[in-house]
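The values are calculated or read from the model by the stated rules, or taken from the named source; none is laboratory data. Everything numeric in this text was worked out from a predicted model, so none of it was measured. Cβ placement follows ideal geometry from the backbone for every residue including glycine, while neighbour counts extend to all protein chains displayed.
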Amino acid sequence: MKYDFKAVEAKWQKVWEDEHTFHAEIDKSKPKFYALVEFPYPSAAGLHVGHPRSYTALDIVARKKRQCGYNVLYPMGWDAFGLPTENYALKNHINPEIVTAKNVARFKAQLKSLGLSFDWDREINTTDPDYYKWTQWIFLQLYKKGLAYKKETTVNYCTGCKVVLANEEVVNGVCERCGSPVVHKVKSQWMLKITAYADRLIDDLDGLDYIERVSTQQKNWIGRSHGAEINFDTTAGDTLTVYTTRADTLFGCTYMVVSPEHAFIKKWVEAGLIKNVDEIKAYQAEAARKSDFERTELNKEKTGVCIDGVQAINPVNGKVVPIFISDYVLATYGTGAIMAVPAHDTRDWEFATKFGLPIIEVVKGNEPSNLSEAAFTDVATGTLVNSGFLDGLSVEDAKEKMYAWLEENHKGCKKVNFKLRDWVFSRQRYWGEPIPMVYCEKCGWQPLPESELPLRLPEIKDFEPGPDGESPLARHTEWVNTTCPCCGGPAKRETDTMPQWAGSSWYFLRYCDPHNDKELASKEALEYWSPVDWYNGGMEHTTLHLLYSRFWHKFLYDIGVVPSKEPYNKRTSHGMILGLNPHAFENLPDAERKQLLAEFGSEKAVRAHLVEKYGEMAEHPIVKMSKSLGNVVNPDDVVNEYGADTLRLYEMFIGDFEKAAPWNTSSIKGCKRFLERIWGLGDKIVEGEGYRPALEATVHRTIKKVGEDIDALKANTAIAQLMIYVNALYDNGGATRAELEVLLQLLNPFAPHMTEEMWQQLGHIDQLAYHPWPSYDEAKCVEQTIEIAVQVNGKVKARIQVAADIEQADAIAQAKAEPAVQEALAGKTIVKEIYVKGKLVNLAAKG
Ligand code: ANZ
Ligand code: ZN
């Protein structure tokens, strides 16, 4: 009977929906397992083939855990506030709420068609007032603890989206989302003090099972560095404090640099101490136009102006050194001022070389260094020289000795610094959670009473951002004007909304108790389900969502709302699914390639033509899927043509889970054939109890390997092992009932629809979804070996041990490797090779 995937998949999806098969309830008699995937942003484009890679992988883990007796929570929801929907709504003149509802319905239908074992009874939506009530509630708690504050700051402003961006959203000086240039603007913003958690966000990574690159990226982003602040007296009378990680090099400081924004400059100008004011001001104006990224780019030409009129005094040797302003020193890091040591810092070396400043060696390596070529920056092998009381010490020892000297002489102290900045938490857009704060002329900023939550987003028609990035809510005075919760007088609501990252910073908690209207989730539910046991998501969220949610979780732990310090015990990340670039030479249809070759004469010329026509990207055969290239694969089409089980199998077989992989429609067919072969085994049930001797080792090995591979997220090699098993069954004329049942059990997490159907056809009344996972016997996994004879021209020359199920090519290769056989073959040419399965190899040779 042919496999009718459409009917079978629809049938089982209906069963799961009607019976709430995957609904999870607290059950203290069972161990719990909380599997989580990043909930999607329901965009107008619908599901992408990238989504199912993550969802299927953890679906497989979740399904296997259920079969192993765990009470599994695997939830799904919608992260639906934010710019893409708002921009789409603006363009099409529809309310974002309507757009969201439509997109959610589409996404949900698509996800259901994939047979994912989500508990749909726990579905959440961040734009639902019953949900964002608690997002606002958390904001109020942050405010009450002094962790939310309003501040005038220079912010990143995207000229395209007309919105303020967090540092994390600015990539290489442009907006991560739209690619438009990002400029600096001074605005009054709500900020969250994530920096108060910087140490814990690094230190607590140690107890977690995060893949290496995630913890490394978080650590680097937080950027903890250990050093010292050192005070330099100046001829202006002010003390100029610098931050350095190389206090050992203080004797080598030959000049200083302050950032163009440094407060002393204004002060010194006003005091009439600076002679070259015009030059300084021109430089400041130029620096203000650049992004931090441009300013700190390593290879860029160093620029700067020497402050004429004020000098500094090196505290350790009394030397007078000049002070420069230069944009390679940032206002927002350390103290915004540095001591420059050109002999041992590359940027200082470049600057000193350009401006002809002295370079004094204070650290020597094993080999003499050539300081006219480059700075010597190796700290591991260096020894201090020209440094008075530090001479002869290693860099590490010299740092410690200098810290002690600084503290004794009141010239500085040890200091830890972080790259992490506080989180800019306001957006001047409509489609976000209103910030529950009110401003009263008399009382200042006042939090809304909790009883007034949720503070609903008003329904308005004109929600485009105002000129200069003013919030659209500001135009709606009927909503803005309110009374002060403190004095009852007239007051105004905050008109900024929260950033897109707010709702996702705690959603995993809501899943534990999604319908609770008294608290964000009950203690009992949180104690039972949290923390998340396994969380999979994109690398692009490492320094955004993943960091923000760890921060919020730690805060909620501190105020006694959640029982664990960390939200996620384990974090993995999937590689992207890429597409073929239709404009690359490699991917041209044969006919077109031939025609172009004829026209241009050579491959090189065709490639040059393609680059000219499509740009540099024509040289990359594998690229990100994009609408403009027409290489976007729609999962709906794949499900329609091949079925969900095939799509699932293919998404897992496509390559190593952590690596990027190109989509290749032709290998989907191979996955479909594999499933059809298994379906065919239903008609090839052979007599016999249990596992037949010839297959026993393979069965045990397969159970072991598939189980271990699922636990290690190596679905691709698990599938390869299942293929070996299926081949072995066909080689042996079919499967016994027991052999087929094991196959269905092991395959069920990957291809749940077809396996449930075949399981039912075998007469079972339970579902595989909760049927206990098969066990194996380690002793029976070992490969069975047999002895076979090796003949040369019919005469036995050797006897060898081979695996019982050895393939012909391997048996012959092993036979030829025998010394006695090689001797008999010396000087002869093999004309024929024969393998008699399980018995002998015969090599016929002439000469
Ligand atoms: C003297 C020195 C000598 C330095 C040397 C380095 C090598 P991390 O590890 O990133 O914390 N620095 C300090 N504040 C800065 C600012 N606002 N803008 C640009 N650079 C700044 O790096 C700390 C080092 O970066 C500091 O140590 C300082 O240069 C520079 F052989 O001081 B160092
Ligand atoms: Zn008031």
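Overview of results
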{"item": "2 or more residues over 30 Å from Tyr535 (Cα atoms): qualifying helices (runs of 4 or more DSSP H) within the range 638-747", "result": "665-681, 693-711, 715-731, 737-747"}
{"item": "Residue identified as surrounded by 18 or more Cβ atoms within 10 Å (Cβ to Cβ) and in contact with a helix residue (DSSP H, G or I) (Cβ under 7 Å, 6 or more places away or on another chain) among Ile678, Ile685", "result": "Ile678"}
{"item": "Inter-residue pairs, beta-carbon under 6 Å, first outside the structural domain of Lys401 (by TED's automatic domain parsing) and within 20 Å of Asp327 (Cβ to Cβ) and in the range 241-256, second more than 8 Å from ligand 1 (Cβ to nearest atom) and not in a strand (DSSP E or B), 6+ apart", "result": "none"}
{"item": "Cross-chain or 6+ apart pairs with Cβ under 9 Å, the range 435-453 first and away from ligand 1 (no atom under 16 Å from the Cβ), then in a loop (DSSP other than H, G, I, E, B) and acidic (Asp, Glu)", "result": "Ile435/Glu494; Ile435/Asp496; Pro436/Glu494; Met437/Glu494; Val438/Glu494; Tyr439/Glu494; Trp445/Glu494"}
{"item": "Contacts under 6 angstrom Cβ, first residue in the range 392-416 being touching a residue at least 24 places away in the same chain (Cβ under 8 Å) and closer than 26 Å to Gly365 by Cα, partner in a loop (DSSP other than H, G, I, E, B) and β-branched (Val, Ile, Thr), 6 or more apart", "result": "Val395/Val379"}
{"item": "Glu261 being surrounded by fewer than 19 Cβ atoms within 10 Å (Cβ to Cβ), in a loop (DSSP other than H, G, I, E, B) and in contact (Cβ under 8 Å) with a residue 60 or more places away in the chain", "result": "yes"}
{"item": "Residue count for the range 265-277, restricted to those that are under 26 Å from Thr296 (Cβ atoms) and either within 16 Å of ligand 2 (Cβ to nearest atom) or touching an Asp or Glu at 6+ places or on another chain (Cβ under 6 Å) (or both)", "result": "1"}
{"item": "Leu713 being under 25 Å from Lys112 (Cα atoms) and in contact with a strand residue (DSSP E or B) (Cβ under 8 Å, 6 or more places away or on another chain)", "result": "yes"}
{"item": "Index of the failed condition, Val532 passing every other in (1) within 25 Å of Val155 (Cα to Cα); (2) buried (at least 17 other Cβ atoms within 10 Å of the Cβ)", "result": "(1)"}
{"item": "Among (1) in contact with a Phe, Trp or Tyr (Cβ under 8 Å, 6 or more places away or on another chain); (2) farther than 16 Å from Thr332 by Cα; (3) assigned to a strand (DSSP E or B) - the single one Ser188 does not satisfy", "result": "(1)"}
{"item": "Given (1) at pLDDT 95 or above; (2) within 16 Å of ligand 1 (Cβ to nearest atom); (3) closer than 29 Å to Val183 by Cα, number of the condition Ala502 does not satisfy", "result": "(2)"}
{"item": "Per-region count, the range 410-437, residues aliphatic (A, V, I, L, M) and within 16 Å of His545 (Cα to Cα)", "result": "2"}
{"item": "Any hit, the range 549-565, residues being of a type in the set (D, E, K, R), within 30 Å of Ile138 (Cα to Cα) and surrounded by fewer than 20 Cβ atoms within 10 Å (Cβ to Cβ)", "result": "yes"}
{"item": "Only one of Trp349, Trp268 that is within 16 Å of ligand 1 (Cβ to nearest atom), crowded, with 18+ Cβ neighbours inside 10 Å, more than 21 Å from Thr154 (Cα to Cα) and among the aromatic types (Phe, Trp, Tyr)", "result": "Trp349"}
{"item": "Residue selected from the range 201-216 under the condition loosely packed, with under 14 Cβ neighbours inside 10 Å and either touching a Pro at 6+ places or on another chain (Cβ under 7 Å) or assigned to a helix (DSSP H, G or I) (or both), by the criterion modelled with the lowest pLDDT", "result": "Gly207"}
{"item": "Some residue of the range 82-89 being in contact with an Asp or Glu (Cβ under 7 Å, 6 or more places away or on another chain) and buried (at least 19 other Cβ atoms within 10 Å of the Cβ)", "result": "no"}
{"item": "Number of the condition not met by Ser626 [criteria: (1) modelled with pLDDT of 85 or more; (2) more than 21 Å from Leu713 (Cβ to Cβ); (3) not assigned by TED's automatic domain parsing to the domain that holds Leu713; (4) not acidic (Asp, Glu)]", "result": "(1)"}
{"item": "Unique match (being of a type in the set (Val, Ile, Thr), out of contact with any Gly (no Cβ under 8 Å at 6 or more places or on another chain) and surrounded by 15 or more Cβ atoms within 10 Å (Cβ to Cβ)) among Val792, Val796, Val782", "result": "Val792"}
{"item": "Among (1) at pLDDT below 95; (2) of a type in the set (S, T, N, Q); (3) closer than 17 Å to Thr245 by Cα, the one test that Ser372 misses", "result": "(3)"}
{"item": "Residue check for Leu58: touching a helix residue (DSSP H, G or I) at 6+ places or on another chain (Cβ under 6 Å) and closer than 24 Å to Val638 by Cβ", "result": "no"}
{"item": "Any chance Asn172 is farther than 30 Å from Tyr439 by Cα and in contact (Cβ under 8 Å) with a residue 60 or more places away in the chain", "result": "yes"}
{"item": "Among (1) surrounded by fewer than 21 Cβ atoms within 10 Å (Cβ to Cβ); (2) under 23 Å from Lys14 (Cα atoms); (3) aromatic (Phe, Trp, Tyr), the one test that Tyr730 misses", "result": "(2)"}
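Residue-by-condition table, conditions (1) out of contact with any helix residue (DSSP H, G or I) (no Cβ under 8 Å at 6 or more places or on another chain); (2) within 15 Å of ligand 2 (Cβ to nearest atom); (3) not charged (D, E, K, R):
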site	(1), (2), (3)
Arg421	no, no, no
Pro436	no, no, yes
Leu448	no, yes, yes
Val480	no, no, yes
